[in-house]
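Right, one structure below, let's go through it.
The values are calculated or read from the model by the stated rules, or taken from the named source; none is laboratory data. This is a predicted model, so every value here is computed, not measured. Note that we place each Cβ from the backbone using ideal geometry, even for glycine, and neighbour counts take in every protein chain shown.
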């Protein structure tokens, strides 16, 4: 019985679940490590330490989400695009929730004297990270699935342009 192969959907779901869990813990570790060493970055980058930390967090988000989407695509042959989108979204969402939970349990890592600020910003942080993970997943899927380089570049620009248009619309509203 142990040697029986799982049906394709069960094997695919197992790969997706494991990938999301592993990638979420890795990304959470990256986020927490960057927040923990933020004071050390102040010595290197001066007053730009906060911006550097955010930039490194976004770089980590991009690397982890892209590699997770690519790994699931390679391990689960023929996986649907919506599952890959869900994988990217879940990695960002779960990582943001785990990071927030860690900061609420261990507030000294947050480097903020006022926990109300940190707690108030968590909902927005979770939504922003999840939205960025979704966009990163979409761009990764375009790179994986679109064979034409010109069409792929056009779709990437369309996704990024839509993101910029939404940001401008929200900022002026």
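Points to keep in mind about this one:
- Output for region 73-84, where each listed residue is surrounded by 13 or more Cβ atoms within 10 Å (Cβ to Cβ) and over 15 Å from residue 131 (Cα atoms): 73, 75, 76, 79, 81, 83
- Filtered by the rule that a residue be in a helix (DSSP H, G or I), over 25 Å from residue 24 (Cβ atoms) and in contact with a helix residue (DSSP H, G or I) (Cβ under 7 Å, 6 or more places away or on another chain), region 137-154 gives a lone residue, 152.
- Restricting 63, 22 to those that are at pLDDT 85 or above, surrounded by fewer than 16 Cβ atoms within 10 Å (Cβ to Cβ), in contact with a helix residue (DSSP H, G or I) (Cβ under 9 Å, 6 or more places away or on another chain) and within 18 Å of residue 139 (Cβ to Cβ) reduces the list to 63.
- Filter result for residue 171 (surrounded by 20 or more Cβ atoms within 10 Å (Cβ to Cβ) and in a helix (DSSP H, G or I)): no
- Unique match (being assigned to a helix (DSSP H, G or I), farther than 20 Å from residue 59 by Cβ, modelled with pLDDT of 90 or more and within 20 Å of the chain's Cα centre (by Cα)) among 157, 89, 98, 134: 157
- The number of residues in region 27-72 that are over 16 Å from residue 128 (Cβ atoms), within 11 Å of the chain's Cα centre (by Cα) and free of Cβ contacts under 8 Å to residues at least 12 places away in the same chain comes to 1.
- Only one of 125, 115 that is modelled with pLDDT under 90, under 26 Å from residue 35 (Cα atoms) and within 12 Å of the chain's Cα centre (by Cα): 125
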